[in-house]
Amino acid sequence: MKKFICVAVLMLVLSASSVMGIEAAGTAFGTTTTAKVIGVGNGNFGLVAGIADATSFGGTFTYGMSEYFDGRFKLGLVSDNDNTDIVFGADLKYQIWSVADASSKPFDMALGGLFEYMSGDHFSILHVGGFVLGSYPVKLNSGNFLTPYGRFNLRLENFSPDGHDSESELEFGINGGISFDLTKNMTAYGEFQIDGNDGVFFGLDFRVL
């Protein structure tokens with residue numbers, strides 16, 4: 001637990017130091033997941049809303065492809081400066097550490113890749129990159145879990161305005177939040193994001209498979 005707290009503090013320090021430097025468009029969906037995979041053959045439907053530099057709302061579907069690997073598809077709307085645009089994306093997550101292992105890992109950790117594309121009236125934005133995600137489940141007296149989590153992503157962000165050359169830059173972002181199991185099949189998320197689209201995100205996941 002102490003190691004997780006150290007990682008979380010380090011991520012907060014990095015986020016604070018990056019506020020002055022980030023000039024990115026930022027991602028539209030936040031993280032709204034922990035490092036723990038959902039399990040082979042399982043499926044979750046999710047809702048996510050962002051109150052950030054751009055307001056967003058969308059849906060997700062996560063499917064467990066193996067014991068340590070799951071994938072998620074995302075589709076939503078982003079509103080900024082009176083324009084509403086469609087955004088879709090996907091991410092893949094591979095869990096490399098688990099606190100449930102006999103080797104007693106200090107926290108859950110996953111590595112993954114992300115993709116996101118937004119098409120506007122006169123431009124498009126593409127994100128392609130990877131991330132590291134850490135979380136630590138805390139079992140409450142009720143039997144439910146409260147799980148702090150944090151994600152650091154590094155991505156190539158391509159901005160393509162109509163009639164002009166596209167520009168690509170290497171950007172990074174940081175998310176930190178908490179998930180809470182409302183029931184056995186429903187989990188709520190709340191988090192902050194600093195990556196160019198700075199703000200807070202909220203999510204609900206429902207087990208459907």
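The values are calculated or read from the model by the stated rules, or taken from the named source; none is laboratory data. Since this is a predicted model, take the numbers as computed values, not measurements. Backbone-built Cβ (ideal geometry, glycine too); neighbour counts: all protein chains shown.
List the number of the failed condition for TYR117; all other conditions in (1) touching a residue at least 40 places away in the same chain (Cβ under 8 Å); (2) over 21 Å from PHE192 (Cβ atoms) hold.
(1)
Check off (1) under 20 Å from THR60 (Cβ atoms); (2) crowded, with 19+ Cβ neighbours inside 10 Å for TYR136 and give me the number that stays unchecked.
With (1) under 20 Å from THR60 (Cβ atoms); (2) crowded, with 19+ Cβ neighbours inside 10 Å applied to TYR136, the lone miss is (1).
Name the one entry in GLY30, GLY26 that is in a loop (DSSP other than H, G, I, E, B), within 21 Å of GLY177 (Cβ to Cβ) and at pLDDT below 95.
Going through GLY30, GLY26 in turn, the sole match is GLY26.
Take the residues in the stretch 2-23 that are modelled with pLDDT under 50 and assigned to a loop (DSSP other than H, G, I, E, B), then tell me which one is surrounded by the fewest Cβ atoms within 10 Å (Cβ to Cβ). Give the steps one after another, and end with the answer.
Within the stretch 2-23, the subset modelled with pLDDT under 50 is 2-22.
Among the residues that remain, those that are also assigned to a loop (DSSP other than H, G, I, E, B) are: 19-22.
Numbers: VAL19: 10, MET20: 7, GLY21: 9, ILE22: 17.
Among them, the one singled out is MET20.
Quick check: is even one residue across the stretch 150-172 touching a residue at least 12 places away in the same chain (Cβ under 8 Å), at negative phi, in contact with a helix residue (DSSP H, G or I) (Cβ under 8 Å, 6 or more places away or on another chain) and crowded, with 23+ Cβ neighbours inside 10 Å?
yes
Name the residue that is farthest from the chain's Cα centre (by Cα), counting only residues in the stretch 173-189 that are polar (S, T, N, Q) and buried (at least 21 other Cβ atoms within 10 Å of the Cβ).
Going through the qualifying residues, I end up with THR187.
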